[in-house]
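Chemist: Input: one structure, supplied below.
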Amino acid sequence: MDMLLIGLCLGAAGVVFVALAFGAAIRSESWNSDVRPELPLVKAAAPSRFFSERLPIPPAPLQVPIEVLLLQIENHVRLEQAAAESFIAFPTQALLHSKTTSPFVN
């Protein structure tokens with residue numbers, strides 16, 4: 001029962017603290033302030049164009065021949081198979097958590 005009352009008191013204190021902080025944050029500088037600062041009048045500038053009429057030419061995508069991709073995949077498979085065979089031949093925890101020399105992420 002004591003823990004429940006302590007929790008309720010701390011919760012109520014937290015709500016009061018948050019309410020005071022929120023009130024201070026949104027309150028204006030003075031409640032009865034009729035003095036307002038004078039702002040200088042500035043003429044509106046000519047509307048600038050955010051988007052240009054000219055469109056930038058996108059760079060051409062790099063075309064990689066399919067043979068190069070197939071060779072990279074085959075090399076990756078060979079390296080993974082070699083790593084698996086070395087683990088099966090002599091299983092250790094270090095080999096289980098070691099990374100292969102393949103450039104691809106497992």
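The values are calculated or read from the model by the stated rules, or taken from the named source; none is laboratory data. Keep in mind the model is a prediction, meaning the values are calculated, not measured. For the accessible areas, the whole protein counts, side chains as well, though only heavy atoms, and no ligand, DNA or RNA atoms are used. Shrake-Rupley method; radii C 1.70, N 1.55, O 1.52, S 1.80 Å.
Chemist: In terms of solvent-accessible area of protein heavy atoms at a 1.4 angstrom probe, what is the ranking of His97, His76, highest value first?
Modeler: His97, His76
Chemist: Further question: Any idea of Val15's accessible area? Nearest 10 Å², probe 1.4 Å.
Modeler: 100
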